[in-house]
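What follows is a set of notes on a single structure, which appears directly below.
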Amino acid sequence: MSARPNTEAAAQQAENNAPHRAGFACFVGRPNAGKSTLTNALVGQKVAITSNRPQTTRHTVRGIVHRPDAQLILVDTPGLHKPRTLLGERLNDVVRTTWAEVDVIGFCLPADQKLGPGDKFIIKELAGIKKTPKIAIITKTDLVESKALAEQLLAVSRLGEELGFEWAEIIPVSAVKDQQVGLLADLIAPLLPESPPLYPEGDLTDEPEMVMVAELIREAALEGVRDELPHSIAVVVEEMLPREDRPADKPLLDIHANVYIERPSQKGIIIGPKGQRLKDVGTKSRKHIEALLGTPVYLDLHVKVAKDWQRDPKQLRKLGF
């Protein structure tokens, strides 16, 4: 009598023989489409700053997802938008350069917003990138009923057909509720090239620590300010040094950073009455910085004016753009 094959063992063997894959996936979409929140959910830790303000992301943050079968390097780009400043033009250039270099493109469309001219503009541009597989990701599904979600899925599918290409996958997700986030990683992995891991196990991003610290401070500074102010805020970490004469079991990292705004009138908004707003910014960002770096931090913040920096090439270079 022949023994029944162990299907589980056979599947495991097949999985063991499957080649490892590694590569870059890029999330694109108009501003505030949920790209940064999705990146953080996939990585399992905060590597991209989030905000309900459009155009929060200014750097391409690489979040790294480690799996037994694959390593996904997630490139989080600024939202593609109609630029009104030199900064806006440079952010759009970053997006297009990134598209040309990745293995998979994920187009993010919020479930609670109709397909608009901005979305159609981006999808039209994506249609011109012939060889790279494209996944449509309907984000923020926790904000809508099933009927509205079905309509959104159908709308994005039809638009692809109208522009003469087929989505490799169309998937609804909620990063906030952790719904189908794992499935999205499952769908991206087979589209990556065969490759050994590109980053060491345990690395979650290749962003320099000083850049990430600056971004966490900027995220805290974005909370609760007037609508026009977020685009005027930039943060530069001037120094990160371990405090001398501290015992090994009680380290302290001194961080000195400048928060830049464009006009003197904006200074009071950031600092707040009796300095309370700036103090709150320091308290909130310090918690995230300590979690990121794994060490107690002393954070020294100063607010400075860099006149019209978004339009000044010299100032943009100084602030890292």
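The values are calculated or read from the model by the stated rules, or taken from the named source; none is laboratory data. The shown structure was predicted, so the numbers you read here are calculated from the model rather than taken from an experiment. Every residue, glycine among them, receives a Cβ derived from its backbone with ideal geometry; neighbour counts consider all protein chains shown.
For the condition among the aliphatic types (A, V, I, L, M) and under 17 Å from residue 215 (Cβ atoms), what is the one hit in 259, 305? Walk me through it before giving the result.
Numbers: 305 fails: under 17 Å from residue 215 (Cβ atoms).
Matching residue, one of 259, 305: 259.
Take the residues in region 254-270 that are in contact with a strand residue (DSSP E or B) (Cβ under 6 Å, 6 or more places away or on another chain) and surrounded by fewer than 19 Cβ atoms within 10 Å (Cβ to Cβ); name whichever of them is nearest to residue 298 (Cα to Cα). Result: 254.
Residues in region 112-141 that are closer than 25 Å to residue 41 by Cβ and of a type in the set (Asp, Glu): 112, 119. Restrict the check to region 12-23 and report whether at least one residue is within 18 Å of residue 137 (Cβ to Cβ) and modelled with pLDDT of 90 or more. Yes: one or more hits. Within the span defined as region 83-101, every residue fails to be aromatic (Phe, Trp, Tyr), touching a helix residue (DSSP H, G or I) at 6+ places or on another chain (Cβ under 7 Å), closer than 15 Å to residue 27 by Cβ and surrounded by 18 or more Cβ atoms within 10 Å (Cβ to Cβ).
Would you call residue 283 at pLDDT 75 or above, in contact with a Pro (Cβ under 8 Å, 6 or more places away or on another chain) and either part of a helix (DSSP H, G or I) or not assigned by TED's automatic domain parsing to the domain that holds residue 90 (or both)? Against the criterion (at pLDDT 75 or above, in contact with a Pro (Cβ under 8 Å, 6 or more places away or on another chain) and either part of a helix (DSSP H, G or I) or not assigned by TED's automatic domain parsing to the domain that holds residue 90 (or both)), residue 283 does not qualify. Residues in region 286-309 that are more than 14 Å from residue 259 (Cα to Cα) and either assigned to a helix (DSSP H, G or I) or in contact with a Gly (Cβ under 6 Å, 6 or more places away or on another chain) (or both): 286, 287, 288, 289, 290, 291, 292, 293.
Restricting region 108-166 to residues that are of a type in the set (Gly, Ala, Ser) and within 22 Å of residue 190 (Cβ to Cβ), the residue that is surrounded by the most Cβ atoms within 10 Å (Cβ to Cβ) is 136.
Would you confirm whether any residue within region 305-313 is under 25 Å from the mean Cα position of the chain (by Cα), in the same structural domain as residue 220 (by TED's automatic domain parsing), closer than 14 Å to residue 218 by Cα and of a type outside the set (Ser, Thr, Tyr)? Scanning region 305-313 turns up no residue that is under 25 Å from the mean Cα position of the chain (by Cα), in the same structural domain as residue 220 (by TED's automatic domain parsing), closer than 14 Å to residue 218 by Cα and of a type outside the set (Ser, Thr, Tyr). The residues listed here are 276, 310, 315; of these, the one that is without any contact (Cβ under 8 Å) to a residue 40 or more places away in the chain and crowded, with 17+ Cβ neighbours inside 10 Å is 315. Among residues that are among the small types (Gly, Ala, Ser) and modelled with pLDDT of 85 or more, residue 79 is not included.
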